[in-house]
Each structure stands twice: as C-alpha cells, then as structure tokens.
Amino acid sequence: MAQNTVAPSGFVGDKLPSASTQAWTSDENMSAPNDEKNFPAPSAPDIGELPPNYFDISIVPNNAVLHYNEVTPYTEASKAVVERKQEGVLSFDPIIDRNPDQLWLYFMTYLNEKPALGVNIHGYRIEHYTTYEQQRSADGSYHTRPVHHTRQVTDFNFTLDLSAYVTQQWWRVAVIPSKKTMQSGEMISLRDAVEQYTRSEKNIKEIICQKQLVGWNFHELQDRIKVLIYSTGYRNHINVTFTVNNNRIAARSSSKMSRFSNSTVVRVLCVISCLFLIFGPIYLCLRSAGSTRDRIVADYSMAAPVDTFLHFNAGIIANAAMGRSRELYSAYLA
C-alpha cells in the first residue's frame, strides 16, 4: 500500500459504462512487458511484502496497546479548530497545546473518521514515432535526419473507491517505541505521549497519529487485478496504485513561530530566495526536538477479505478496462 500517495478526498460513484465487445489489440510497435505477459500468479501474503511505512503494532506490549472497546465514549466532540487537508487534519489550537485531556479528546474525535482507500488502475501502451530535423553540415549544406521518440498513450485510467471495505471504527492504537525507548525497556502508551507533548514548553512541537490499514495483502491484490484485466485480452502495460486519504491526525504548537514556519507562502519564499539552505535545517532540528519521541499509529481493519472484494467487483474492473473508462466508481460490498 502506498500511503504517501494521496487520492482526491471525494470519490464519486458513477454508473458503469456498458461493456464493450471489442477485442483488445496491441500496437504493432508494442509488445506486452515480459514480466506481465505470462499472467503472473498472485503471491502469498508475506511479512516482507508489507509497505515500508507500515508500523507493526504487534511489537508493542499488549498492555500498552489501546483498543477501541477500552475507551469510554466521549459525550462531546473536540472543539479544537482544525485545518483539513487530503492527508487528514491539523490543529494549532491552544486548547490542545497544554491540556492533555483536550488533546486526548482531539485524537478520539478524529480517530472516528476512518481513512479513505482507493485503487487507481491505469492501462497504457508505448507508441514509437519519428520526427525529422534539418542539420547544417560544415560545408553549409543541409541534410535531414530522423529522430526516434516514444510516448505513453493511455487506454484506460479509472479509480475505484474502496472505502466501503474499511471498517468505520478503529481497532487499536499504540505508540511504536523508538530504538532508544526499546533499549531502555521503557513502555510508552498513548496517554504517556499525550502528556509528554502537553508538558513540553517548546515553541515548535508536533504530535502525529498515523492511520493505517490491516488485513489485505495489497501486493497480492495488485497482481490479481492485473491477471483479471489480462484475461479480457488486454496485452499492454498496467499500473495498479493504492491511494490513502484522511490518514493523519496532527497537532502543532500554537506559537507564532510554529504557525509562521508552517505557512506555505513562507516556504515558497524561502525556496525562491534560497534561505531554506540556512533556515531549513534549523527548522527541522527544532521540530524534531519538539516532536514526540515515538510514532503513534492506529490500525483500521478491512471489513471483508480480498476474495470478497474481487467477487463483487471483478465485473466493474473488467468492464471499465474494456470500455476504456476514465471514470470514478464506488466498490460494491453486499
């Protein structure tokens, strides 16, 4: 799963175009990639296939893991002012800067917003073409020479919103300990991280909770989607990319320095003026020093297995590919 790639925040489920009965044909100058031509079999789930930014909560002692059913439901949602972005929410509100109970409520409120998951399926072929240009020789005469080029031509490019397959409630939250914390044998809970942040007097500080999805082998699903589309007769290239949205809850100090350093305008001006070479490392050091020492992660389970998703949505995927779609769809879950 590629969590650094963010999809549009609102997917739209459009009606599926009628399936085309045409057979896929390849361009004369285009052959199927060697690694895709033979319809690779889906790989079995393996711990080595987990995405690089995935944090395994199983390494955290069970008594430091917070489960959804262990939290007392709040009676009133957090009133902290937030900025919404595609990746999630960010707050500079002073109400959560020094008050651990308010920061806790902030996390509990926005943990109840599940991450949005989508899959983008892009089929394309490589076309070869030639242009001609004139060159002047040393004797002053001109001659024409061919210049060979390639370009990517899209056959289909559609997105399927998979958010229906993400459970509404989070499953568990934990603080993944840093190497220093693990070496010391110290155990950090979410409450400990919240207390540590609110006690900090630093002008620039930050605390982040990252939402992640568990229960699907996304590498396997990529392969199975490709096999499905190849079974329709398609022989060109296919890219399958999973995108995650609303997967981050962040809080930063309410100081003027913190807001100033977060300003997009300020960052652009620094880059343009090259001042980032001086102030960039200083800012990163200050923010790092003010951040919590450990990473907070929240697991959200998938509501149904991959087989169920493919059972209900294989027709949508195959028909969209055959119909050369560039639409947005909603995945079906019975």
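The values are calculated or read from the model by the stated rules, or taken from the named source; none is laboratory data. In this text, all values refer to a predicted model and were calculated from it rather than measured experimentally. All Cβ positions, even for glycine, are placed from backbone atoms using ideal geometry, and neighbour counts span all protein chains on display. Each accessible area value is taken on the protein alone, full model and side chains, heavy atoms only, with ligands, DNA and RNA left out. Shrake-Rupley method; radii C 1.70, N 1.55, O 1.52, S 1.80 Å.
The number of residues in segment 148-206 being of a type outside the set (A, V, I, L, M, F, W, C), open to solvent by less than 50 Å² (accessible area, probe 1.4 Å) and over 22 Å from P100 (Cα atoms) comes to 7.
Residue pairs whose Cβ atoms lie under 9 Å apart, separated by 6 or more positions or on different chains, with the first residue in segment 221-240 and of a type in the set (S, T, Y) and the second in a helix (DSSP H, G or I) and modelled with pLDDT under 95, are Y230/E36; Y230/K37.
Check whether at least one residue in segment 256-265 is in a helix (DSSP H, G or I), at pLDDT 60 or above and either open to solvent by 60 Å² or more (accessible area, probe 1.4 Å) or farther than 30 Å from Q196 by Cα (or both), and report yes or no. Among the residues of segment 256-265, not one is in a helix (DSSP H, G or I), at pLDDT 60 or above and either open to solvent by 60 Å² or more (accessible area, probe 1.4 Å) or farther than 30 Å from Q196 by Cα (or both), which makes the answer no. Pairs linking a residue in segment 171-183 that is among the aromatic types (F, W, Y) to a residue that is surrounded by 15 or more Cβ atoms within 10 Å (Cβ to Cβ), with Cβ atoms under 6 Å and 6 or more positions apart or on different chains, are W171/D299; W171/S301. Applying the criterion of being of a type in the set (D, E, K, R) and in contact (Cβ under 8 Å) with a residue 60 or more places away in the chain to the residues of segment 86-133, the residue that is farthest from I317 (Cα to Cα) is R98.
For every residue, the table says whether it meets (1) over 18 Å from the mean Cα position of the chain (by Cα); (2) aliphatic (A, V, I, L, M); (3) part of a strand (DSSP E or B).
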site: D101; (1), (2), (3): yes, no, no
site: L117; (1), (2), (3): no, yes, yes
site: T130; (1), (2), (3): yes, no, yes
site: A138; (1), (2), (3): yes, yes, no
site: H143; (1), (2), (3): yes, no, yes
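Here are some residues: I208, I188. Which one is β-branched (V, I, T), touching a Pro at 6+ places or on another chain (Cβ under 7 Å), in contact (Cβ under 8 Å) with a residue 12 or more places away in the chain and not in a helix (DSSP H, G or I)? Step by step, each of I208, I188 is checked, and only I188 is β-branched (V, I, T), touching a Pro at 6+ places or on another chain (Cβ under 7 Å), in contact (Cβ under 8 Å) with a residue 12 or more places away in the chain and not in a helix (DSSP H, G or I). Identify the residue in segment 295-334 that is over 17 Å from R224 (Cβ atoms) and buried (at least 20 other Cβ atoms within 10 Å of the Cβ) and, among all such residues, is farthest from the chain's Cα centre (by Cα). Here the answer is M322. There is at least one residue in segment 152-171 that is charged (D, E, K, R) and assigned to a strand (DSSP E or B).
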